[in-house]
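Heads up, the thing below is written out as structure tokens.
The values are calculated or read from the model by the stated rules, or taken from the named source; none is laboratory data. The structure displayed is predicted, hence computed values, not measured ones. Methodologically, a virtual Cβ is constructed for each residue, glycine included, from the backbone with ideal geometry; neighbour enumeration extends over all protein chains shown.
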Amino acid sequence: MSYRLRSAALTNYVEVARSVGVDPYHQLSSAGISQSVLLDSDIMIPADAVARLLEASARAAGIDDFGLRMAETRQLSNLGPLGFVMREQPTLRKALESMAHYLRLQNEALVIHIEESGGLAVIREDIIGGIPGSMRQATDLVLGVLYRMLSVVLGAAWRPRTICFTHDAPANLATHGRVFGAPVAFRQDFDGIVCLATDLDAAVPTYDPVMALQVRRYLDAMLVQSNTTMPDKVRRLVVALLPSGACSVDRIAQHLGVDRRTVSRQLASYGDSYLSIVDEVRIELVTRYVDSGDRPLSEVATLVGFSSLSAFSRWFNGRFGCSVSTWRRDKEQ
């Protein structure tokens with residue numbers, strides 16, 4: 001499935017590309033993106049094309065922090081209407097919940113999910129769709145922007161516990177130090193921000209209930225116009241819930257506020273089922289995880305929702321016609 005995002009995602013791309021000696025317009029053309037999208041931040045463009053653009057630009061520049069450099073100067077206004085959602089909520093928790101609810105108006109390929117345990121909260125991001133192999137630059141851009149937005153909402157004095165990345169550490173951490181000013185951990189099980197659970201209930205100073213109502217009405221109207229299908233809704237929830245090991249059609253139905261029969265019936269009308277979507281998402285994620293490095297297969301199994309490596313291995317063999325090790329070796333040749 002093809003996902004889209006607002007061309008605002010390319011804010012300051014040209015400036016960053018030039019600063020590291022890369023021809024931005026050549027890279028845009030190679031990624032199949034028209035230069036005209038730079039003139040209007042509300043044009044919807046393919047998310048996978050943007051991911052390819054960022055990875056190719058990083059390779060051309062010989063750096064591994066291209067996406068984070070783009071995030072470094074982002075402002076809340078770059079999120080368009082979604083920026084108002086962040087500012088016009090009473091607490092950070094409500095701001096994040098509203099952001100997650102309306103996020104597809106900004107980026108159809110991004111899922112934001114909040115998990116709490118032991119006094120800590122994880123604000124996790126997952127990119128669906130995309131391209132086989134590395135999504136490092138897109139991930140860095142998303143987490144960098146998310147951190148900057150939270151800092152704007154809560155004030156510059158706010159600091160999370162840890163910024164977590166699934167990919168390896170870069171050769172130079174200078175940009176991470178400038179952007180985050182907080183501990184950064186690599187080769188983690190998720191991409192996201194860890195903070196105190198109490199931070200989620202921190203008051204948002206800019207909250208205005210009258211303005212919040214107006215913003216909500218406006219965005220609700222935009223959601224109706226966007227016509228998200230049941231398969232889209234289920235797919236986003238599957239991506240968010242798979243790593244927890246608690247992904248099921250009943251859980252999906254609970255999140256959607258309907259019963260499982262309604263979910264199954266509406267999926268069937270599109271020629272889909274809960275299990276077919278789970279399989280599709282797993283194939284997409286496994287391709288990315290196995291392609292992007294030497295992550296232990298036990299971790300990959302957990303990240304795609306299997307309780308054991310043996311169960312994952314049987315599933316992989318059934319879908320790809322070979323063992324994981326054989327598939328990975330063939331890819332490396």
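Residue-level analysis places Thr11 outside the set of residues that are polar (S, T, N, Q), closer than 25 Å to Ile123 by Cα, outside the structural domain of Asp272 (by TED's automatic domain parsing) and surrounded by fewer than 20 Cβ atoms within 10 Å (Cβ to Cβ).
Residues that are in a helix (DSSP H, G or I) and under 22 Å from Leu120 (Cβ atoms) within region 75-97 comprise Met86, Leu92, Arg93, Lys94, Ala95, Leu96, Glu97, listed in sequence order. The single condition among (1) among the small types (Gly, Ala, Ser); (2) in a helix (DSSP H, G or I); (3) touching a Leu at 6+ places or on another chain (Cβ under 8 Å) that Gly192 does not satisfy is (2).
Return the only residue of Asp291, Asp272, Asp279, Asp330 being within 18 Å of Phe165 (Cα to Cα) and either in contact (Cβ under 8 Å) with a residue 12 or more places away in the chain or surrounded by fewer than 18 Cβ atoms within 10 Å (Cβ to Cβ) (or both).
Numbers: Asp272 fails: within 18 Å of Phe165 (Cα to Cα); Asp279 fails: within 18 Å of Phe165 (Cα to Cα); Asp330 fails: within 18 Å of Phe165 (Cα to Cα).
Just a single option satisfies the conditions, and that option is Asp291.
Could you count how many residues in region 5-49 are in a helix (DSSP H, G or I) and under 17 Å from Asp65 (Cα atoms)?
Residues of region 5-49 in a helix (DSSP H, G or I): 7-10, 13-19, 24-30, 35-39, 47-49.
Subset that is under 17 Å from Asp65 (Cα atoms): 9-10, 13-19, 24, 27.
Total satisfying the criteria: 11.
(1) farther than 14 Å from Asp189 by Cα; (2) in contact with a Lys or Arg (Cβ under 7 Å, 6 or more places away or on another chain); (3) modelled with pLDDT under 85; (4) not acidic (Asp, Glu): which one isn't true of Thr287, the others all being true? Unmet for Thr287, out of (1) farther than 14 Å from Asp189 by Cα; (2) in contact with a Lys or Arg (Cβ under 7 Å, 6 or more places away or on another chain); (3) modelled with pLDDT under 85; (4) not acidic (Asp, Glu): (2).
The residue list Val142, Val122, Val153 contains one member that is in a helix (DSSP H, G or I) and modelled with pLDDT of 90 or more, which is Val142. The residues on offer are Gln266, Gln214, Gln254, and the sole one that is among the polar types (S, T, N, Q), assigned to a helix (DSSP H, G or I) and not assigned by TED's automatic domain parsing to the domain that holds Leu309 is Gln214. How many residues are hydroxyl-bearing (Ser, Thr, Tyr), part of a loop (DSSP other than H, G, I, E, B) and modelled with pLDDT of 85 or more if we restrict to region 125-139? Total satisfying the criteria: 0. Looking across Arg251, Arg217, one residue alone is out of contact with any Leu (no Cβ under 8 Å at 6 or more places or on another chain), modelled with pLDDT of 80 or more and over 15 Å from Glu280 (Cβ atoms). It is Arg217.
Only one of these is among the basic types (Lys, Arg) and under 21 Å from Thr228 (Cα atoms): Arg93, Arg69, Arg59, Arg4. Name it.
It is Arg4.
Among the criteria (1) more than 21 Å from Met135 (Cα to Cα); (2) crowded, with 22+ Cβ neighbours inside 10 Å; (3) under 22 Å from the mean Cα position of the chain (by Cα); (4) of a type outside the set (Lys, Arg), the one Ala71 does not fulfil is (1).
Scanning region 275-304 for residues that are more than 28 Å from Asp232 (Cα to Cα) and not in a helix (DSSP H, G or I) returns Gly293, Asp294, Arg295, Pro296. Just one of (1) surrounded by fewer than 19 Cβ atoms within 10 Å (Cβ to Cβ); (2) touching a strand residue (DSSP E or B) at 6+ places or on another chain (Cβ under 8 Å); (3) among the basic types (Lys, Arg) fails for Arg18. It is (2).
When Ser307 is tested against (1) surrounded by fewer than 15 Cβ atoms within 10 Å (Cβ to Cβ); (2) assigned to a helix (DSSP H, G or I); (3) among the hydroxyl-bearing types (Ser, Thr, Tyr), just one condition goes unmet, and that condition is (2).
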